[in-house]
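The next block holds one structure in the form of structure tokens; read it before the comments.
The values are calculated or read from the model by the stated rules, or taken from the named source; none is laboratory data. Just so it is clear, the structure is predicted and the values come from calculations on it, not from any experiment. Neighbour counts run over all protein chains shown; Cβ positions are idealised from the backbone, glycine included.
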Amino acid sequence: KFVQIPYKGDMSMYILLPDERDGLQQLVEGWKKDELKDMIKHMNYTLMNLMLPKFEFDYEIDLLKTFEKMGVDIKPVWSSIHPTLYVSQALHKAKIKVHEAGTEAAAVTVLLFETFSAQRPVYPMELKVDRPFVFVIRDDISNVNLFVGTVNML
């Protein structure tokens, strides 16, 4: 099962709910690169009563260590601006909080707060997210996934 929750500003949250309660791992492992893009292209719009649990995630990564593991040296980028300039630490922090009032998402120093905006199609459906699922917050114009995660514990 698949649902789009449109936000203001050409962004959406997508919920991908496996058919089986224990099907999250299979869904994630079987995921193909452009699958979400194809699903969005072929989806049908309908009014929906969505029951989604509240969830919150914090994520932090040391980018210098990540770049180092990838074999990328970012020092020349900064030294070309000024010879004495260097990066001593680079951290990326992200947070997402989903609750009944909407979604709060922040990455580094960017804070984005959007509220759900409902589409008004003809027949209401009901989707109860009562098992582990995948979520994606995506910029629908550039097709860039901004946040991707799984919720395992309900």
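Below, the figures for the structure above:
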quantity	calculated
Top-ranked residue of the range 26-39 - restricted to ones that are more than 21 Å from PRO132 (Cα to Cα) and not basic (Lys, Arg), ranked as nearest to the chain's Cα centre (by Cα)	ASP34
Elements of type strands (runs of 3 or more DSSP E) in the range 98-154, at least 3 residues being modelled with pLDDT of 65 or more and of a type outside the set (Gly, Ala, Ser)	125-128, 133-139, 144-151
Hits in the range 41-97 - residues which are among the small types (Gly, Ala, Ser), surrounded by 10 or more Cβ atoms within 10 Å (Cβ to Cβ) and at pLDDT below 80	SER79, ALA90
